[in-house]
Amino acid sequence: MVLITVELVRNKAEHHDRLLAPLEEIALHQENIEKIEHIQDWCPKLKILLMQSNLISKIENLNRLKHLTYLNLALNNIEIIENLERCESLQKLDLTLNFIGHIISIESLVGNYNLENLYLTGNPCTDYDNYREFVVGTLPQLMILDGKEIERSDRIKALQNLRIIRSDILFEQNNYLCQRKSQKVRLEKNIAAKWENEYKNMDPDERNKKFWAEKCEHAPEVRYEMERMRQLKLKSLAPDEKKEEKREYKFFTTDGRPFNINQARIDFKFSDTEPDKYVLDLAIYKHLDTSLLNIDVQPNYVRVTVKGKIFQLHLPEEVNTSESKAQRSQVTGHLIVTMPKANIVIKEHKSPKVMNRDEKSRRNDKLPEYKVSGQSKREYLEIGPSDNTLDFRNMITKKPDFIDPRMSLKGKQPSEGFIDDPQVPGLI
């Protein structure tokens, strides 16, 4: 049995961004659905609902669809028209090739004043005498029945003889319902016996050939049986899919050390620059609901579960779990886990004390006095003996041992034979 699920409806609503509330049209045909449910709650604005070629046996759970204009339930197992009184906007109803023999049930559509188009082709009720006249006379709002337009003369004629036609229709309906009741019991018994005895140990291919070669009756039970055989055939033709074995993750080594695990493959940053704490930055998806996250901080590891997938990181040092905290960014969605270290000793940096004048004078008074005779300050500090101390006071008066003649500062003498001619002007 195929159920109507949220995922099924969303897949059929891909053209509408998988949104259900504003959805106006949906096609759920050929899905082997056996029961109508949840649609009126998920899609209250639905206008067109296509559910042909399924296994639906009852019209139900559609009374809240106030905007529904077209309902297609062709090729199903429906036997009675019901539960459509509150679908006030319904204009077209297609019930082709069902098993409607309870023709009086169309009287439940009298209140659907917008109903103009009705299809009942292929149902047992169409074999009743005066079937068309009865439907036309019962539903005056109809414009088209079984694809044929209703003439005004046909409507007047049907209304004139409606009382007589209804009594005849009711008699034929009772005969059909008696036959249908006995048919249902007989078919259910035959089908159950066939599967318990004949089909039990038969080869699937032979069973399939025999079933499709036999003549069968037109009934809802046979349609269920045909679908069952079709599913078995598809299952036998489908290749054997090897089930992927889920990888089992080990969180700890044999000696208890935690492993580093990143199942979700999330980008992260681990910061240990600050001396008193560790900071873990996980790039969680921005639109992921925070309720899908689970953070567990232990002394030597941190574990974050993201939608069932594990992220685990081994910590270099033990942390204080009671003071650890986790924060989520509303802008980027990132998860920030701050973990203070457990056994951290922070040394305070002492700044040099600023002394005033009085303190400086007191300090200078307490400085040790150096002896003048035979000992200098340099000797007291053990920098070097006094004999090796350079005296820079007499370095200018001391005459050098060698004087370079080129460094002479005397004026230049004239050469030999020089005659000073007074008529020659001097050099400028």
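The values are calculated or read from the model by the stated rules, or taken from the named source; none is laboratory data. Every value quoted in this text rests on a predicted model; they were computed, and no experiment measured them. Glycine gets a Cβ as well: all are built from the backbone with ideal geometry, and neighbour counts include every protein chain shown. Please note that ligands, DNA and RNA were not included when accessible areas were found on the heavy atoms of the full protein model with its side chains. Shrake-Rupley method; radii C 1.70, N 1.55, O 1.52, S 1.80 Å.
Per-structure values
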| item | result |
| --- | --- |
| Test result for residue 65, in contact with a helix residue (DSSP H, G or I) (Cβ under 9 Å, 6 or more places away or on another chain) and touching a residue at least 24 places away in the same chain (Cβ under 8 Å) | yes |
| The stretch 106-129 - residue that is open to solvent by less than 10 Å² (accessible area, probe 1.4 Å) and not in a loop (DSSP other than H, G, I, E, B) and, of those, nearest to residue 65 (Cα to Cα) | 109 |
| Residues located in the stretch 193-204, provided they are part of a helix (DSSP H, G or I) and either open to solvent by less than 50 Å² (accessible area, probe 1.4 Å) or closer than 14 Å to residue 229 by Cα (or both) | 193, 194, 195, 204 |
| Residue count for the stretch 162-179, restricted to those that are crowded, with 17+ Cβ neighbours inside 10 Å and farther than 23 Å from residue 139 by Cα | 0 |
| Answer residue from the stretch 130-149, given it is surrounded by 14 or more Cβ atoms within 10 Å (Cβ to Cβ) and either among the small types (Gly, Ala, Ser) or over 17 Å from residue 109 (Cα atoms) (or both) and is nearest to the chain's Cα centre (by Cα) among those | 137 |
| Hits in the stretch 274-291 (condition: at pLDDT 90 or above and either over 19 Å from residue 322 (Cα atoms) or among the acidic types (Asp, Glu) (or both)) | 281, 282, 283, 284 |
| Members of the stretch 95-105 that are outside any loop (DSSP other than H, G, I, E, B) and touching a residue at least 40 places away in the same chain (Cβ under 8 Å) | 103, 104 |
| Pair list, Cβ < 8 Å and 6+ apart or interchain, from the stretch 210-224 residues that are part of a loop (DSSP other than H, G, I, E, B) and surrounded by 13 or more Cβ atoms within 10 Å (Cβ to Cβ) to residues that are modelled with pLDDT of 85 or more and among the aromatic types (Phe, Trp, Tyr) | 219/99 |
| Out of 115, 145, 97, sole residue that is on the phi > 0 side of the Ramachandran plot and aliphatic (A, V, I, L, M) | 97 |
| Hey, residue 159 at pLDDT below 95 and open to solvent by less than 40 Å² (accessible area, probe 1.4 Å) or not | no |
| Filter result for residue 327 (at negative phi, part of a strand (DSSP E or B), at pLDDT 90 or above and exposed (fewer than 12 other Cβ atoms within 10 Å of the Cβ)) | yes |
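Yes or no, residue by residue, for (1) of a type outside the set (Lys, Arg); (2) free of Cβ contacts under 8 Å to residues at least 24 places away in the same chain; (3) assigned to a loop (DSSP other than H, G, I, E, B):
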residue	(1), (2), (3)
227	yes, no, no
266	yes, no, yes
269	no, yes, no
295	yes, no, no
299	yes, no, yes
313	yes, no, no
336	yes, no, no
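Let's see how each residue does on (1) open to solvent by 30 Å² or more (accessible area, probe 1.4 Å); (2) assigned to a loop (DSSP other than H, G, I, E, B); (3) modelled with pLDDT of 95 or more; (4) not hydroxyl-bearing (Ser, Thr, Tyr):
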residue: 7; (1), (2), (3), (4): yes, no, no, yes
residue: 11; (1), (2), (3), (4): yes, no, no, yes
residue: 18; (1), (2), (3), (4): yes, yes, no, yes
residue: 29; (1), (2), (3), (4): yes, yes, no, yes
residue: 45; (1), (2), (3), (4): yes, yes, no, yes
residue: 63; (1), (2), (3), (4): yes, yes, no, yes
residue: 81; (1), (2), (3), (4): no, yes, yes, yes
